[in-house]
Amino acid sequence: NTCFQYTAYFGLSTNLVNYLKVELHADSKSAANSVTNWVGTSAITPLAAAFLADSFLGRYWTITLFLVISVAGYGVVTASASAALQSAVFYAGLYLIALGGALQPVMASFGADQFGDDESERGRKSSFFNWFYFSINVGCLIGGTVLVWVQTTHGWRLGYGIPALLSVLAVALFLAGTREYRRHQPPRREPAHQDRTGGCRRSQEGRRGGPRRRCAAP
């Protein structure tokens with residue numbers, strides 16, 4: 001799953017300046033600036049993913065949501081490259097990918113959730129992280145070499161179609177293990193005003209002869 005994600009991402013990003021110059025007719029300065037802005041956005045979006053995972057959705061649903069967004073982004077980019085659509089469509093796809101690809105910290109934490117704290121589980125967790133970062137490096141290598149060669153030799157339609165296919169496979173592989181995952185949802189917080197209201201009602205009942213209880217301090 002992670003290997004496919006990083007193969008797709010680096011297959012797109014490594015040769016992106018050339019695509020902007022050749023297909024969208026941007027000058028070198030403008031193309032480099034656009035790629036820099038996009039890479040910077042990709043580096044910030046993990047903050048949003050981590051916040052959603054820890055506060056609202058939980059890691060499983062955050063990963064699922066962002067993977068689907070990533071698939072949509074690769075689909076838009078591939079359609080734009082195939083049909084020579086306007087640059088605005090291509091950039092919309094790029095920034096969907098920047099948002100959907102913000103999963104490394106959440107994915108690593110979700111993987112750690114699958115293991116306990118006893119001695120035997122610690123060894124398996126260590127092995128997981130070894131393979132996790134190994135798959136990232138393999139994906140970076142394949143995306144930055146093989147897919148760039150495909151784009152240069154066989155054109156952008158196939159060169160961007162392969163990352164789109166890999167993003168779909170990444171979603172399918174992740175969802176295939178749904179029944180086996182350990183999911184840890186963020187804790188639900190009871191609104192504080194409910195406790196205060198309940199406490200005051202009980203105090204009022206005490207004045208009428210019922211059980212007396214002091215109101216909780218705000």
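Quick notes on this one:
- The local environment of residue 128, defined by Cβ-Cβ distances under 12 Å, has a net charge of +1 under the rule Lys, Arg +1 and Asp, Glu -1.
- Couplings 3J(HN,Hα) of the range 171-177, computed from phi: 5, 4, 5, 5, 5, 4, x Hz, in residue order, whole Hz [Karplus 6.51 cos²θ - 1.76 cosθ + 1.60, θ = phi - 60°; x for Gly and Pro].
- Rounded to whole Hz, the Karplus (6.51, -1.76, 1.60) HN-Hα couplings of the range 126-141, x for glycine and proline: 4, 5, 4, 5, 4, 5, 4, 6, 5, 5, 4, 5, 5, x, 4, 5
- Accessible surface, 1.4 Å probe, highest first, among residues 38, 61: 61, 38
- For the range 153-158, putting each phi into the Karplus relation 6.51 cos²θ - 1.76 cosθ + 1.60 with θ = phi - 60° gives couplings of 8, 10, x, 6, 4, 6 Hz, in residue order, rounded to whole numbers and with x for Gly and Pro.
- The range 76-133 - accessible surface per residue (Å², probe 1.4 Å): 50
The values are calculated or read from the model by the stated rules, or taken from the named source; none is laboratory data. Note that the structure is a prediction, hence the values are computed from the model and not measured. No Cβ is skipped: glycine too gets one built from the backbone with ideal geometry, and neighbour counts run over all protein chains shown. These accessible areas exclude ligands, DNA and RNA; they are computed on the full protein's heavy atoms, side chains included. Shrake-Rupley method; radii C 1.70, N 1.55, O 1.52, S 1.80 Å.
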